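Let me begin by presenting the structure, written as structure tokens, before commenting on it.
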Amino acid sequence: MNQKSYVYILLTDTGTLFTKSIKKYTRAPYNHASIAFDEKLNEMYSFGRKNPNNPINGGFVKEDIHTGTYSKYPETTCVIYKLKVTERDIIKMKRVLNVFIKNQKKFLYNLIGVIGVSLNEPVEFSNSYFCSQFVAEILYRSGIKLWDKLPALVTPDDFRNHINLELVYEGKLFDYKMIKENFPQ
């Protein structure tokens, strides 16, 4: 039972003031990372805004394209990749993910960690992550080691440039066919 499956990595740019600030520094096209367990992006998780209207309150979130933060930013651009994994890998990832789900109120957004990445110094606090650190951590704790560096140093651009990730789509998030088919406008 070593059947191949996929997880999906979504990188986005909402165009918010926060992402514009990060983009000025990184010069990367996308500055937010999420992990999804289906190609329709219905089961997708990250660290970001807990409330779409409040950019200050961040932490672990189950992202919903139609009611969450993305719904406020219809011009969001994105790139979607898929990573080939085994069913066993998915079971391990969901086990790790369940720790986040069960304790979601305890998790905070690691803003200082974002600064640490820019200095190439990992800044890790217990129960505190930034988006790409979280996605890398889910993979790493499940035995999928894509880089020879700590998850606290992984950026969204590291995903974009990884050879094991296969491009699925690039463009406006709401033009992605799997979203359009599910929720025609």
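Which GluC sites (Glu not before Pro) in the range 25-102 pass both tests, a DSSP loop state and at most 12 other beta-carbon atoms within 10 Å?
Details: sites: 39, 43, 63, 75, 87; in loops: 39, 43, 75.
Answer in residue order: 75.
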Over 32 Å (Cα to Cα) - which of 106/177; 23/105; 84/172; 72/145; 24/172; 24/102 fall in this group = 106/177; 72/145; 24/102
ask   = Most fluctuating residue of 17, 83, 150 in a GNM of the chain with Cα springs under 10 Å: which is it?
value = 17
key: Among 45, 30, 73, residue whose mean-square fluctuation peaks in a GNM of the chain (springs only between Cα atoms under 10 Å)   = 73
query = How would you rank 76, 12, going from fewest to most other Cβ atoms within 10 Å of each one's own Cβ?
reply = 76, 12
key: the chain: translational diffusion in µm²/s, Stokes-Einstein, Kirkwood Rh over Cα pairs, 4 °C, 1.567 mPa s   = 78
request  = Compute the relative contact order of the range 4-182 as a whole-number percentage, counting only Cα pairs closer than 8 Å that sit 6 or more residues apart in sequence.
outcome  = 27
task = Quick one: dipole size for the chain, taken about the Cα centre, charges +1 on Lys/Arg Cβ and -1 on Asp/Glu Cβ, in debye to the nearest 20.
result = 340
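Values quoted throughout were computed directly from the atomic coordinates according to the rules given, and no laboratory measurement underlies them. Here the structure is a predicted model, which is why all the values come from computation and not from measurement. No Cβ is skipped: glycine too gets one built from the backbone with ideal geometry, and neighbour counts run over all protein chains shown.
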